[in-house]
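Asks: A single structure is presented below for examination.
The values are calculated or read from the model by the stated rules, or taken from the named source; none is laboratory data. Note that the coordinates shown come from a computational prediction; the quantities given were computed from them, not determined experimentally. For neighbour counting, all protein chains shown are included, and Cβ atoms are generated from backbone atoms with ideal geometry for every residue, glycine included.
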Amino acid sequence: MIDILSYLVPLFLGWGLLSILYWSLARRLFHDVILFRIFQKRDQLRSLAIEGRIDAKSYAYDFLERRLCQTAYASPKITICNFIRFCLSYDSRTPSPDLDKFLEEAPDNLKKIWALAIDDVKWMMLANSPIFAVVGFIWLIIEGLRELAIDQVRLGITILKTIVSMGLHRTATDEVKHFFEMKIFQTSCGDRAA
C-alpha cells in the first residue's frame, strides 16, 4: 500500500502542477492566439465589404460575420466534450438550410474564410480540452499495443498525428462544420440572432 502511495502522490502533484500551469498560462496564450485569428478573419471580411469586393448587405456576408462574432463569443465553451455531445444528439446528415444557402451564394473568398474559421474551431476545441484529447488517443494506442493489433497502433498514431496537424478526415471536418453552424450559433446568441 505504501509503495503505491509513494508513486501516486508525486504523480498526482505533478499532474496538478502541470494542470495549473496549462490552465493559467498556456491555455490563455492558445486561446488569445486563436481568438486573434478569428477577429482577423472578421476584419478581413469587413475589409472586403469596405473595398466593394463583396456586398455588405448580402446573405453570405451577414451569415459569415455573425458566425465569426459568435465563435469569438462562445470560444471558451468550445470543447471536445461539447462536440461529442453535439454529435450524439444531432443528426449530422440533416443539412442546415442556412449553411446550404451560404455555400450556394458565397463567393470563393468567403468560403475560404469559412474553411479557415473551421480550422480555428478545431484548434479551439483542442486548447479547451487538452486532457480529454491526449487521454483518448493514448488509450487508443495502449489498446492497440495490448492486443498486439498493429493496425490499431497505426490508427492511434495516425489519429494523434492528425490531431497535431489539425488535418482531420473529411467526415470529422464535416462534423466540425455542422457543429460550428448549429451549436455555436444556437448557444451563443439565442434570441439575439433572430
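Asks: Cβ-Cβ under 6 Å, sequence separation 6+ or interchain: first residue in segment 61-83 and farther than 27 Å from residue 131 by Cα, partner at pLDDT 85 or above and not in a helix (DSSP H, G or I). Which pairs?
Replies: If the second residue must be at pLDDT 85 or above and not in a helix (DSSP H, G or I), the pairs left are 61/54.
Asks: How do the pairs read when you match residues in segment 116-139 that are more than 18 Å from residue 27 (Cβ to Cβ) and at pLDDT 75 or above with residues anywhere that are of a type in the set (Ser, Thr, Tyr) and surrounded by fewer than 20 Cβ atoms within 10 Å (Cβ to Cβ), using Cβ under 9 Å and keeping only pairs 6 or more apart or on different chains?
Replies: 118/173; 119/173
Asks: Sticking with this one: When segment 30-59 is examined, which residues are found to be closer than 29 Å to residue 128 by Cβ, without any contact (Cβ under 8 Å) to a residue 12 or more places away in the chain and charged (D, E, K, R)?
Replies: Answer for segment 30-59, where residues must be closer than 29 Å to residue 128 by Cβ, without any contact (Cβ under 8 Å) to a residue 12 or more places away in the chain and charged (D, E, K, R): 32, 43.
Asks: Would you confirm whether any residue within segment 24-35 is of a type in the set (Lys, Arg), in contact with a helix residue (DSSP H, G or I) (Cβ under 7 Å, 6 or more places away or on another chain), at negative phi and at pLDDT below 85?
Replies: So far as segment 24-35 goes, yes, one or more of its residues are of a type in the set (Lys, Arg), in contact with a helix residue (DSSP H, G or I) (Cβ under 7 Å, 6 or more places away or on another chain), at negative phi and at pLDDT below 85.
Asks: Sticking with this structure for a sec: Select from segment 66-124 the residues that are in contact with a Cys (Cβ under 8 Å, 6 or more places away or on another chain) and either of a type in the set (S, T, N, Q) or crowded, with 19+ Cβ neighbours inside 10 Å (or both) and list them in ascending order.
Replies: Selection gives 70 alone.
Asks: Next question, about the same structure. Residues that are of a type in the set (Asp, Glu), at least 2 per element: which helices (runs of 4 or more DSSP H) completely within segment 25-89 meet that?
Replies: Filter on segment 25-89 gives 27-50, 59-74.
Asks: Still on this structure: May I ask you to say which residue of 45, 29, 21 is touching a Leu at 6+ places or on another chain (Cβ under 9 Å) and not small (Gly, Ala, Ser)?
Replies: The conditions single out 45.
Asks: Also, I was wondering about something else. Filter segment 1-28 down to the residues that are of a type in the set (Ser, Thr, Tyr) and closer than 30 Å to residue 124 by Cα, then identify the one that is surrounded by the fewest Cβ atoms within 10 Å (Cβ to Cβ).
Replies: That would be 24.
Asks: Return the residue satisfying two criteria in turn: it lies in segment 29-65 and is farther than 14 Å from residue 127 by Cα and acidic (Asp, Glu), and of such residues it is surrounded by the fewest Cβ atoms within 10 Å (Cβ to Cβ).
Replies: Out of the qualifying residues, it is 51.
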